[in-house]
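The next block holds one structure in the form of structure tokens; read it before the comments.
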Amino acid sequence: MSGESKTHQNSVASSTQKFDLWRNTCNGIVEASFASACLLVAIRYFGASDTAKSLLAGGSFIGFLITPLFLLLIGRSKLPVSVLCAILVLFVALSILASAAATNAWFYVGCVLLGCIIAAQVPSLMVHIYSNNYSSNERGRKISGNLMLSAVVGSVTALLVGFILDKDLSHFRIGALVTSVFCLGTAYFHLKIPSKPLKSESRGLSKDLVYAIKDRLFFWMLTGWMLVGIGYLVTIPLRVEYLANPEHGLDLSNTMVLCITMVIPLICRVGSTPLWGWAFDKFNLALVRISINLFFLLGLFLYFQTKDLMLLSFASGLIGTATGGGTMAWTLWVTKVAPKGAESSYMSVHSFFTGVRGIPAPFLGYWILTNLGPAKVSWTSASFIILSCLVFAKLASDERLQPGKC
């Protein structure tokens, strides 16, 4: 690389990091305020059914399921990727705004569901930006700092939302209005990130799935991710349900529920993200993934085995630590495996299978909780995560998973 090209690349990377930092700040507020409130509002304000709550929890995963179709439809667009992201976020803002007018559970769930489906299309586009704007040995470090700030802002936001909802649950409407404004901020900073039109080899899911058949490493990585994903995803709505529903003997305040399910995990995510970013750049990807899995395993198993607030908080801290690495690894791992130019295609397949596991997982989780009890949720989760660790251990010797191999 010539000196001039290197200078230009450094300028692009610097600009990307700066505006992605602001984007993550606004997005942290959006995710924390909306994600933290929606299940509580559905449970305690609208009295939503288990089916409605499961759909609410699975909204993002329905979005991931249609990611390949979305990439196919916009694959020939001449618009820069950052502009496409901004347009998507504008539609998310409209969905959140509409939820403020909800008068029944299904209208509220529908608005949230639509917003989640649209928002789920952004990661597969952002991986294209990260892959092109950052060099392979700096992606983890640069992205981890931005994710850390997003988590800090999110933890403060979740705590504030809890206090507001404890005053009056109907204040969720004001919260939705404010959240939609921060969505506009997210869209603005998307526009500032340098990017080019999407150049992807994606010609539809059926052709993209060939990568998973021909590339054996990709196939087994997807398998490992599928297993840990199921183990984690069956618990997502249940962590709120377990604390908020009096049937399970806890019935905590909104503030305490959000402290345990959002604030503590986000604080631990903040503290762990730089370490995970460093590990992602410096160590074997399979071993990093196993380490993340072990934190999930311990945290999720303990969470549903206790009713003690201190132990619940400790378990949430372990889950938050794992999430710090899991979020970054989920976003970036295909950049270590995919051939140059095929990152979006690989990401679309990865996102599709995230949707495949994410849609039934909440329904399965609610069935286990209702019929077998909280303790069985933890055993189910642990079983899937242990199987995932075995798969990644088998893959650790592959050359592409070594540090700097991408």
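The values are calculated or read from the model by the stated rules, or taken from the named source; none is laboratory data. The structure presented is a predicted model; accordingly, all values stated were derived computationally and were not measured. Methodologically, a virtual Cβ is constructed for each residue, glycine included, from the backbone with ideal geometry; neighbour enumeration extends over all protein chains shown.
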Q | Residue in region 332-365 that is farthest from SER144 (Cα to Cα), counting only those that are among the β-branched types (Val, Ile, Thr) and part of a helix (DSSP H, G or I) | A | VAL356
Q) Quick check: anything in region 170-185 among the basic types (Lys, Arg), part of a helix (DSSP H, G or I), touching a Phe, Trp or Tyr at 6+ places or on another chain (Cβ under 9 Å) and within 22 Å of CYS26 (Cβ to Cβ)? A) no
Q. From GLY140, GLY110, GLY185, which residue is of a type in the set (Gly, Ala, Ser) and crowded, with 21+ Cβ neighbours inside 10 Å?
A. GLY140
**Q.** Selection from region 390-406 of residues that are surrounded by fewer than 20 Cβ atoms within 10 Å (Cβ to Cβ) and in contact (Cβ under 8 Å) with a residue 40 or more places away in the chain
**A.** ALA393, LYS394, ALA396, ASP398, ARG400, GLN402, PRO403, GLY404, LYS405
Q.
Among the residues that make up region 231-238, is at least one of them more than 18 Å from SER383 (Cα to Cα) and touching a residue at least 24 places away in the same chain (Cβ under 8 Å)?
A. yes
Q: Could you please let me know if GLY320 is under 28 Å from SER272 (Cβ atoms), surrounded by fewer than 24 Cβ atoms within 10 Å (Cβ to Cβ) and modelled with pLDDT of 85 or more?
A: no
Q.
Among the residues that make up region 246-266, is at least one of them within 22 Å of PHE384 (Cβ to Cβ) and within 16 Å of the chain's Cα centre (by Cα)?
A. yes
Q. Quick one: ASP168 ticks every box in (1) within 18 Å of the chain's Cα centre (by Cα); (2) surrounded by fewer than 16 Cβ atoms within 10 Å (Cβ to Cβ) bar one, so which box is it?
A. (1)
Q.
Could you tell me how many of the residues in region 279-317 are surrounded by fewer than 24 Cβ atoms within 10 Å (Cβ to Cβ) and not in a helix (DSSP H, G or I)?
A. 6
Q. Of THR321, THR380, which residue is under 21 Å from LEU147 (Cβ atoms), in a helix (DSSP H, G or I) and either in contact with a Gly (Cβ under 8 Å, 6 or more places away or on another chain) or of a type outside the set (S, T, N, Q) (or both)?
A. THR321
Q) Limited to region 330-372, what total is found for residues that are polar (S, T, N, Q), surrounded by fewer than 24 Cβ atoms within 10 Å (Cβ to Cβ) and modelled with pLDDT of 80 or more? A) 3
Q) Restricting attention to region 228-271, and to residues there that are among the hydroxyl-bearing types (Ser, Thr, Tyr) and surrounded by 24 or more Cβ atoms within 10 Å (Cβ to Cβ), which single residue is farthest from TYR366 (Cα to Cα)? A) THR261
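Rundown of residues vs (1) out of contact with any Cys (no Cβ under 8 Å at 6 or more places or on another chain); (2) over 30 Å from VAL12 (Cβ atoms); (3) free of Cβ contacts under 8 Å to residues at least 40 places away in the same chain; (4) buried (at least 22 other Cβ atoms within 10 Å of the Cβ), yes/no style:
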position: PRO68; (1), (2), (3), (4): yes, no, no, yes
position: SER77; (1), (2), (3), (4): yes, no, no, no
position: PRO80; (1), (2), (3), (4): yes, no, no, no
position: LEU84; (1), (2), (3), (4): yes, no, no, no
position: LEU94; (1), (2), (3), (4): yes, yes, no, no
position: ALA100; (1), (2), (3), (4): yes, yes, no, no
position: ASN104; (1), (2), (3), (4): yes, yes, no, no
position: ILE117; (1), (2), (3), (4): yes, yes, no, yes
Q) What about VAL156, is it out of contact with any strand residue (DSSP E or B) (no Cβ under 9 Å at 6 or more places or on another chain), at pLDDT below 90 and not hydroxyl-bearing (Ser, Thr, Tyr)? A) yes
